[in-house]
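Each remark here refers to the structure printed beneath this line.
Computed from the coordinates by the stated procedures, all read-outs in this text should not be read as laboratory data. Quick caveat: nothing in here was measured; it's all calculated off a predicted structure. All Cβ positions, glycine included, derive from the backbone under ideal geometry; neighbour counts span all protein chains shown.
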Amino acid sequence: MSGDGTVPSEAVRYAVHGAVATLTMDQQHNRNALTPALMSGLSRGLEAALADEAVGVVVLTNAGPAFCAGADLSGGTPAAAGGGKRRGARRDGLADLLAAIQDSTKPVVARIAGHCVAGGIGLAAACDLSIADGAARFGFTEVRIGVAPAIISVVCLPKLRRADALELFLSGERITAARAADVGLITRAVPAADLDAEVAAVVARLLAGGPSALAAAKRLVYTIPGMGREAAFTRTTEVSQALFASAEAAEGMAAFREKRLPSWAPPSAAS
């Protein structure tokens, strides 16, 4: 990090205000395509946010008219394609980035202020909550250039009904933000004029939760559905007991009894 608290990157701007770290993709010349520089900037920004104890929530957003245009098609093998066709090819940088977002112990919120296609939908779907400008368009456009939404399917398919996934993956159709919300790819769409206020409200609600509780709740969503019933009950019993015995829970319950904010909550959480 530099002396002013930023993470140097030509592709991604990093800023911290209060308890919120904002990562702004700023490669407007290529519509925030998934270049190595952009993916590296996002990864480094996320690492910095996780290492900063003052940060409670991470916001991922964009500069310019596009949230993310997907793979960089300016020449050669796209960075998001992994660079190899053989079996056992090295793990893709986009896969690592999507996994890091989902594995983040702090909530990651996407503020989608522009069109979001192909790999860009993977970024949006990997985030825990995603709020989009209602004028934005979304599309799994890969088939129209002879490829498939392979890597991003890992984070997108759990959010989609099979019928919707087949239609969207196979047609390459661009859909409205409202429909993207209806099928579960994003949390919701709002008018452009309301985007910042809605993101701020979402972030405020997240900051009202205990940091360890938020991390645990997030892990439940990503891990429990894939477990068998008995293993899931065993795991969730362990999680519940550990949380109820924690200092964070003791503070939260004391604050509830005393009708005050818990120590981790910002003053705005009182509203």
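Worth a mention:
- Per-residue Karplus couplings for the range 251-265, computed as 6.51 cos²θ - 1.76 cosθ + 1.60 with θ equal to phi - 60°, are listed in order as 5, x, 6, 5, 4, 4, 5, 8, 6, 9, 6, x, 4, 7, 7 Hz, Gly and Pro entered as x.
- The charge dipole of the chain, taken about its Cα centre with unit charges on the Cβ of Lys, Arg, Asp and Glu (plus for the first two, minus for the last two), comes to roughly 700 debye.
- The ranking of Arg260, Arg235 by Cβ neighbour count inside 10 Å, starting from the fewest, reads Arg260, Arg235.
- Candidates Ala232, Val117, Ala217 compared by Cα position along the dipole of the chain: farthest toward the positive end lies Ala232, with charges placed on Cβ.
- Gaussian network model of the chain, springs between alpha carbon atoms under 10 Å - residue of Leu166, Leu23, Leu129 with greatest fluctuation: Leu166
- DSSP-defined antiparallel bridges as percent of all bridges, the chain, nearest 5: 30
- Peptides 119-126, 204-211 ordered by average Cβ neighbours within 10 Å, highest first: 119-126, 204-211
- Alpha-carbon Debye profile of the range 211-270, log10 I(q)/I(0) at 0.24, 0.26, 0.27 Å⁻¹: -0.97, -1.05, -1.09
- Once both labels are positioned 7 Å from their Cα atoms along Cα-to-Cβ, the gap between Ser212 and Ser153 label points is 4.0 nm.
- Annotation for Thr234 and Ser171: the two label points, set 7 Å from Cα along the Cα-Cβ direction, are 4.4 nm apart.
- ³J(HN,Hα) computed for each position of the range 123-128 - Karplus, 6.51 cos²θ - 1.76 cosθ + 1.60, integer Hz, glycine/proline x: 4, 4, 6, 6, 5, 6
- By the count of other C-beta atoms within 10 Å, a proxy for reagent exposure, Cys156, Cys116, Cys68 are ordered fewest to most as Cys156, Cys68, Cys116.
- Packing order of peptides 241-253, 94-106, highest average first: 94-106, 241-253 (average count of other Cβ atoms within 10 Å over each peptide's residues).
- Contact order relative to length of the range 12-207, as percent, for alpha carbon pairs under 8 angstrom and 6 or more apart: 18
- Taking amide H as placed 1.01 Å from N in the peptide plane, Ala189 has its amide H under 5 Å from the amide H of Ala132, each at least 5 places away in sequence or on another chain.
- Per-residue Karplus couplings for the range 177-194, computed as 6.51 cos²θ - 1.76 cosθ + 1.60 with θ equal to phi - 60°, are listed in order as 4, 4, 5, 4, 6, 4, 8, x, 5, 10, 6, 6, 10, 9, x, 3, 5, 9 Hz, Gly and Pro entered as x.
- Selection from Trp264, Leu34, Leu50 lying farthest towards where the dipole of the chain points positive, charges on Cβ: Leu34
- Label positions at Asp196 and Glu251, each projected 7 Å from the Cα along the C-beta direction, are separated by 3.1 nm.
- Among beta bridges from DSSP that stay inside the range 115-213, the antiparallel ones total about 40%.
- For the range 12-207, the convex hull spanned by the alpha carbon atoms encloses 112 Å³ per residue.
- Its relative contact order, with pairs defined as Cα atoms under 8 Å and 6+ residues apart, puts the range 144-246 at 16 percent.
- Angle in degrees between helix 211-223 and the longest Cα principal axis of the chain, rounded to the nearest 10: 50
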